[in-house]
Every structure is written in structure tokens, then in C-alpha cells.
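What follows is a single structure, written as C-alpha cells, with notes after it.
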């Protein structure tokens, strides 16, 4: 019986080894949140820890805020924006002084905004209390 040994030509083998090495080299040091940022956001860390967002909606400004995630979410004419601070010149103190509604959903405000904005229009105020926050949606 004749035995045939199959060998790749040395150039093709070296090329294959080099391409595999280059493919997998960059994966080892890339953080889970992406190589384009210096670190994970608070929201990314909280999700990893199993912490849920505690969304509060400010109807006068159309802004959602999560103190657990320390981020603001709002519609900016063409897209949903997520930021660690409110839109300038608005401050967190101004938002906290305005009427607000605690939201019960645990996912993105963008998924619920159509219903929320109908229930709580920009001129909405909590009924029958001296305090501006309410429980809703």
C-alpha cells in the first residue's frame, strides 16, 4: 500500500499562519465595551451588575433620566441621544424642580415614548399634590 503525504507548500502555510495570527492578535486586549472608548459607561457597568434603570420622565423637556445609570435620554430631531449630562443650558437642578413621572419600564425609553408623551404632554403637572413627582406608566 502506498502512503501519500500531503504538505502545503511552505509559502502557503506561512501565509495561512500569518493571517490567523493577525486575525486573533487584536482580540485579546480589546475590552468588552469596545476599543473606541476609555472605559465602560455607568449604564454598561450597572447592566453587568444586574442593576435596573429607574427612569424618570420630565414632560416639560421630553427628557428621561436614570439615577442608577446616571444618564439622560432624549429625542434630538432625528435620533435618540444618551448622555451623562442634560442638554446645555439645562441643569439637573432645573429638571428636578420641574414636574416628573417615575416610569415602570426597564428597557429603553425610546420603546415607550409614543405612549408616555400622550399620557404626559409637555404642559402636564401632577394633580392634587404640592410635590411635582408622580408614579406612572
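Observations on the model:
- Start at zero, step by 10 Å, and the Cα-Cα distances of region 42-135 spread as 16, 51, 30, 4 percent across the bins.
- Ordered by the number of other Cβ atoms lying within 10 Å of each residue's own Cβ, fewest first, 54, 123 fall into the sequence 123, 54.
- On full extension, the segment bounded by residue 115 and residue 102 gains 3.3 nm, given 0.36 nm per residue less the C-alpha separation.
No value in this document is a laboratory result; all are computed from the given coordinates. The shown structure was predicted, so the numbers you read here are calculated from the model rather than taken from an experiment. When we count neighbours, we look across all protein chains shown, and the Cβ atoms used for this are built from the backbone with ideal geometry, even at glycine.
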